[in-house]
Amino acid sequence: MKKSLGLLISLIIGLGINLSLALGQEENKGTLIADSQYFSIYAEAPVDAYAVVSKLKFDYLRFGEKLTKGAEDDLAQILVKTIDGLYLEVSDIIDIHIYSFKGTIRVLPDRPSLEALLKKDYNLDFPERSLYYFEKNTIFISQADITLGMLGHEMAHAIISNFFVVPPPPKVQEILAGYVEYSLNKVHGS
Ligand SMILES: [Zn+2]
C-alpha cells in the first residue's frame, strides 16, 4: 500500500515535471509583439512590431497617422489591425470564413535564421522565406523578405487547412494561396 502510494506520488511529480517542460517549450516562441483576434504574433530579436508593420505597407497603416510616433503599444495596435484586416481580406478572397480561428505567426529576422529554426525545432529542411506549418498551426516568416502578399498566401494555407476536415492536396492549396497572393498584390501593390 505504502509502496503504491509512493509510486503514485512519484508518477504525479513526474507528470508535473513533464508538464512544466512542455509548457516551457510552448513559451519559447520569441517575444509576443502583438496579440490580434486571429493571430498571436511572436518575433525573434531584433525584429519588433515596427519592423513587421513597416514591411507590410497595408492600407491599415493609415491608423498610424493618429498615433504617437514610436510608442510601442501603438505599433502593436497597428500590427493587430493590419493582421486582422489581412485575415478578413484573405477570408473574403477565398470565401471561407472561420470566425473562431486563432493561429500563431512567428517572425524570424531573415531566411537563414528561419531555416535554422525549422531544422533545429522540427527537423524540417526548408530553405524558403515563409511556411505554414499545419502541425503547429503556425506561420513562420522572414522579416527581411516579408510582403503583404506572402503573408496573405500563408494565411490562405492556414484557413484552408483548418476549414477542410481533409485538407486539399498541396497543388490545389498552392493554386488557391497563389490566387490570394496575386489578388492582394493587385489591390495593394507588391
Ligand atoms: Zn504555398
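Taking residues in the stretch 164-177 that are without any contact (Cβ under 8 Å) to a residue 40 or more places away in the chain, and partners anywhere that are of a type in the set (Ser, Thr, Tyr) and more than 10 Å from the ligand (Cβ to nearest atom), the pairs with Cβ atoms closer than 7 Å and at least 6 places apart or on different chains are Pro167/Ser161. Scan the stretch 125-147 for residues that are away from the ligand (no atom under 15 Å from the Cβ), in contact (Cβ under 8 Å) with a residue 24 or more places away in the chain and either assigned to a loop (DSSP other than H, G, I, E, B) or out of contact with any strand residue (DSSP E or B) (no Cβ under 8 Å at 6 or more places or on another chain) (or both) and the total you get is 3. Of the residues in the stretch 92-103, at least one is at pLDDT 95 or above, more than 16 Å from the chain's Cα centre (by Cα) and within 15 Å of the ligand (Cβ to nearest atom). For the stretch 148-190, a tally of residues being within 11 Å of the ligand (Cβ to nearest atom), over 18 Å from Lys55 (Cβ atoms) and in contact with a Ser or Thr (Cβ under 8 Å, 6 or more places away or on another chain) returns 1. Collect the residues in the stretch 55-91 that are at pLDDT below 85 and small (Gly, Ala, Ser), keeping them in residue-number order. Within the stretch 55-91, Gly64, Gly70, Ala71 qualify.
Looking only at the stretch 132-157, residues that are closer than 14 Å to Glu89 by Cβ and of a type in the set (Gly, Ala, Ser) come to 3 in all. When Arg106 is tested against the conditions (1) within 15 Å of the ligand (Cβ to nearest atom); (2) under 13 Å from the mean Cα position of the chain (by Cα), the lone failure is (1).
The values are calculated or read from the model by the stated rules, or taken from the named source; none is laboratory data. If you're wondering where the values come from, they're calculated on a predicted model, not measured in any experiment. Cβ coordinates were reconstructed from backbone atoms using ideal geometry, including for glycine residues, and neighbour counts include every protein chain displayed.
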